[in-house]
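Just below is one structure, and these are the notes that go with it.
The values are calculated or read from the model by the stated rules, or taken from the named source; none is laboratory data. Owing to the predicted nature of the structure, the values given are computational and were not obtained by experimental measurement. Counting neighbours? That spans all protein chains shown, and the Cβs are built from the backbone with ideal geometry, glycine included. When the accessible area is computed, the model is the full protein with side chains, heavy atoms only, and any ligands, DNA or RNA have been set aside. Shrake-Rupley method; radii C 1.70, N 1.55, O 1.52, S 1.80 Å.
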Amino acid sequence: MRWHLALTDIDERKRTEQKLQRENVALREEIDRASMFEEIVGTSMPLKAVQSRIAKVAPSDSTVLITGETGTGKELVARAIHRVSRRSQHPFVSVNCAAIPRDLIASELFGHEKGAFTGATQRRSGRFELAAGGTIFLDEVGELPAETQIALLRVLQEREFERVGGTGSIQTDVRVIAATNRDLDNAITAGTFRSDLFYRLNVFPIEMPPLRERREDIPLLVEYFLDRYARKAGKNFQAIDKKSLDLLQSYPWPGNIRELQNVIERSVIVSETETFTVDESWLSRRPRTQPPHSHPQLSKMSASTEKELIEVALRECGGRVSGSSGAAAKLGIPGSTLESKIKSLTIDKNRFRVAP
């Protein structure tokens, strides 16, 4: 009886510790989220294409690979997918694979047993266990070392893993969303990323457009960040200087939304009038690029993203291709070019036409 009660007590303490650990991780994730931009802000065609893909994939359990430059908001997309999925009531656990030492990443993801390595004084649950029933977001997945790539491939194929130093398999019910700013095709060629893992991750790709390709969203983003940081600073701006806004729209934004966010915060701190202005010297060293509403990059996108973007434009234009109110004008390309793309991507433009 004493043995039974002792074992029951130990088991109960373990369950309590696991529950507290999960709650602590969830709390940290919510705190992190509060420091990010909470919403996907913008009405541009490239962003609407992303939102359309989010809506399509969220109800499923498919693995998603989000690509795009640093600072484009890839984690924001992952959170949006989780928020409208059937897993929304379960944890969303984020892991930056580039921020964890290579010799500790396996333990961070899959946990470890007591004595598995120096310093492992007790069993520890990994992020996959903490995300049970929910979603795990693997940011910078291209930075994973080879041995961890193999373990992740097993999770995606078999839905199971082993703790570091463990011998038994642990079943997992977690949706995987990964992201990278690296060209994984080049990494595969260079032998630093497994092709079989890429195919498992790339079930449903979403490509995040850089800010320079969605310039029409910049005024909305400026207002959004200005409102946030002005409230924090206890300031009240009555207007935005037009010259500053033009400057922000013409700048190429190599750091994307994250850079814009930092510029707005810095400007709020130093502004002393009721008109919001930005110091031109912070940005003018960068060359100005093509004007807003131009999409010469369309052909550089993946076929799925390009198709999504064209379908969004056709839907908004009622299936009209040419003319001032047509999809070609929205996309900034000639009507003949759009017609050929519609044909090559097998898009049925008639289904977007509005009945008279």
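Quick check for you: with a 1.4 Å probe and neighbouring chains kept, what is the accessible area per residue of the stretch 61-212, in Å²? Working shown, then result.
Working: 6410 Å² over 152 residues.
For the stretch 61-212, the per-residue accessible area is 42 Å².
Keeping all protein chains in the complex and leaving out DNA, RNA and ligands, what accessible area do you get for Trp282 with a 1.4 Å probe, in Å² to the nearest 10?
80
Net charge around Gly42, counting only other residues with Cβ within less than 9 Å of its Cβ (Lys, Arg = +1; Asp, Glu = -1)? Kindly include the intermediate steps, with their values, before the conclusion.
Details: positive: Lys48, Arg214; negative: Glu216, Asp217.
Result for the neighbourhood of Gly42: 0.
Using modelled backbone amide H atoms (1.01 Å from N, in-plane), which distant-in-sequence or interchain residues come within less than 5 Å of Gly134's amide H?
Excluding prolines and chain starts, which carry no amide H, the hits are Arg175.
In whole percent, how big is the carbon plus sulfur part of the accessible area of the stretch 155-250, probe 1.4 Å, protein atoms only? Don't skip to the answer; put the middle values down first.
Numbers: 2090 of 4660 Å².
Summing carbon and sulfur atoms, their accessible area is 45 percent of the total for the stretch 155-250.
To the nearest 10 square angstrom, what accessible area does Lys330 show with a 1.4 Å probe?
80
About the Cα centre, and with charges only on the beta carbon of Lys, Arg (+1) and Asp, Glu (-1), how big is the dipole of the stretch 217-287? Nearest 20 debye, please.
Values: 10 positive and 11 negative charges, 39 e Å.
Here the size comes out at about 180 debye.
Explain nothing, just compute: Karplus ³J(HN,Hα) = 6.51 cos²θ - 1.76 cosθ + 1.60, θ = phi - 60°, for every residue of the stretch 340-353 in order, whole Hz, x for Gly and Pro.
Result, ordered by residue: 5, 5, 4, 5, 5, 8, 6, 9, 8, 5, 5, 6, 9, 6 Hz.
Modelled label-to-label distance, Thr275 and Thr346, 7 Å Cα→beta-carbon offset: nm?
Rounded to a tenth, the inter-label distance reads 5.7 nm.
Arrange the residues Val312, Val270 by how much accessible surface each exposes, largest first, with a 1.4 angstrom probe.
On the way: Val312 10, Val270 85 Å².
Largest to smallest exposure gives the sequence Val270, Val312.
Taking amide H atoms as placed 1.01 Å from N in the peptide plane, list the residues 5 or more away in sequence, or in a different chain, whose amide H sits under 5 Å from that of Ile240.
Amide H neighbours of Ile240, under 5 Å, 5+ apart: Phe276.
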